[in-house]
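Presented below is the structure to which this report refers.
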């Protein structure tokens, strides 16, 4: 559809370039700026708005606060034949992941499975851009991240867990990978912020206010209130597993240990990220991707309109992005150093 | 508490011996009988009633139907340095797992992480007895199993997924491991059966009747109706991942491919099981188990009465089991071949 006068249409490359200028201006190295810009523009183009240009103000205020090092140089360590670690050195997680990516894929193929622990990193983006390319190479990939205390464990009374997203990707023969990526809270934090900004209520069960009373007001959740895990005790257990694995396995912080009080404006959790990669070629059964294709065919027959990731897969490949003019102007102001 | 006249109190060892006689009488080898009996008695003793003696009628009818081979000899295969497989040969999953267990633990310690795929197996028990001992050795363990089509994927209209349980265990310094094990359906199938037998309603959102209408009647769910995944789209995605990984990675059946129509009485899904084991000693940070102990201390401070697995851990160690006399008589009848 053509944009109206209140919108701006630009190519993904143009948006990526614009965002990279913003990151560079705020202390990111060229490499980090390019990686974060591509991640953010890709999320915007795919309709993952809570991880798209919406995030730029938060990236900028975080970088300016000195909380994160936009020029950190990640260091890859081999801990065991199938266990790699990356010291992100208080930098962003995506450049750390990309520094280890080739070695990680090699280890997965050699050993059948491999683990990658990213230490002391910040992840402020969607996880599906991290795992999808691994599935495009034929691997199964899981990635987990913890964040900052904003979710009350089922059965508890105080926030302790982060939004703790869970991402999974698997190859589907002849089609886009099956990919999901969701917060293990009732709602992603960015989506609560967007709802608050737009004056929308959130569904019952999303969270509580500062007094612990259930509320559908996103502002009350953000202002001293809390989210809760999705799916009651079971979703809470998944979120607990993520907390324990990511902090424990990376030697990093639990969400409740993230203390950015000395850095006003900081929004990116300084925690860690883990990946598990598996090579299904070792399964010894029929070809995994062919079996997966049968699986999604049956899902479709059972009435599922599209499997997770299918639409994002189809929408890829250089379509333009349309963003509100006011948002675009703000990006230009950021890039030019006017704000 | 002392049992009343309608109850029988016996030691776990005595119950295990009684159950082993039942398994042997119905075609299990001594080894398989002992393993299944210990699993079943342990579940009963821990209060996991849907995987305790409640399961015996189902085990017996399944064994008599010829659907499962109670004397199968599992074969362990090394597919890659960190990827083991076990051909369960249409036998039960637990003996197959135990056949590979020592090699699996070695591979985890050598490589930092390892994968174990059990092929062509039947799992009719709880998963926590499989993963808990791995955490007691200091490892992190995940196990996943798919089952038979009894759950309608979120957004679909027909059952396609199994109850697809997810189990996780992690070491806690100075305490019992943190362990959870739950069906990724709204409720475990065994618990629906128990509710039906006891004439209890199940909570709203548990499932639908044969016409697809939501129902709280467990009999209507079991009689041509269906469960649904826990936690809406997110729980459904987890269940989907389990389906895809377990069937795909073992070369086994998807839940919707399990066809026991030629074996009346069969109740055990013939699918597969996977394990991921990780050695947190490779994490390079502080000691994982010490960090985990801090984590559960904070959970307690946040109001959580007990972390998952804590009570089961404390209740271990040879306490007697009290079971209804009628149930005990039925077990004796099974063991003596009177039914």
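See the values below:
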quantity: Qualifying positions in region B:209-235 - within 14 Å of chain A (Cβ to nearest Cβ) and more than 24 Å from the chain's Cα centre (by Cα); calculated: B:212
quantity: Residue match in region A:49-69 (condition: free of Cβ contacts under 8 Å to residues at least 60 places away in the same chain, in contact with a strand residue (DSSP E or B) (Cβ under 9 Å, 6 or more places away or on another chain) and within 17 Å of residue A:272 (Cα to Cα)); calculated: yes
quantity: Entirely in region A:1-115, the strands (runs of 3 or more DSSP E) that have 2 or more residues that are more than 14 Å from chain B (Cβ to nearest Cβ) and crowded, with 24+ Cβ neighbours inside 10 Å; calculated: A:83-92
quantity: Flag for residue B:274 being part of a strand (DSSP E or B) and either in contact with a helix residue (DSSP H, G or I) (Cβ under 6 Å, 6 or more places away or on another chain) or more than 14 Å from every other protein chain (Cβ to nearest Cβ) (or both); calculated: yes
quantity: Any hit, region A:245-253, residues being modelled with pLDDT of 95 or more and in a loop (DSSP other than H, G, I, E, B); calculated: no
quantity: Residue match in region B:262-273 (condition: more than 23 Å from the chain's Cα centre (by Cα) and either surrounded by fewer than 17 Cβ atoms within 10 Å (Cβ to Cβ) or over 24 Å from residue B:49 (Cα atoms) (or both)); calculated: yes
quantity: Extreme residue, farthest from the other protein chains (Cβ to nearest Cβ), among residues of region B:121-142 that are under 9 Å from the mean Cα position of the chain (by Cα) and over 26 Å from residue B:209 (Cβ atoms); calculated: B:125
quantity: The lone exception for residue B:303 - which of (1) free of Cβ contacts under 8 Å to residues at least 24 places away in the same chain; (2) at negative phi it fails; calculated: (2)
quantity: Selection from region B:254-269 of residues that are touching a strand residue (DSSP E or B) at 6+ places or on another chain (Cβ under 7 Å) and either within 7 Å of chain A (Cβ to nearest Cβ) or part of a loop (DSSP other than H, G, I, E, B) (or both); calculated: B:258, B:268, B:269
quantity: Of all residues making up region B:281-293, the number that are within 8 Å of another protein chain (Cβ to nearest Cβ) and surrounded by fewer than 24 Cβ atoms within 10 Å (Cβ to Cβ); calculated: 5
quantity: Of residues in region A:208-245 being more than 30 Å from residue A:116 (Cα to Cα) and in contact (Cβ under 8 Å) with a residue 40 or more places away in the chain, the one surrounded by the fewest Cβ atoms within 10 Å (Cβ to Cβ); calculated: A:212
quantity: Selection count, region A:123-144, where residues are closer than 19 Å to residue A:49 by Cα and outside any helix (DSSP H, G or I); calculated: 5
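The values are calculated or read from the model by the stated rules, or taken from the named source; none is laboratory data. The model shown is predicted, which means the values in this text are computed figures rather than measured ones. Cβ atoms come from the backbone with ideal geometry, glycine included; neighbour counts cover every protein chain shown.
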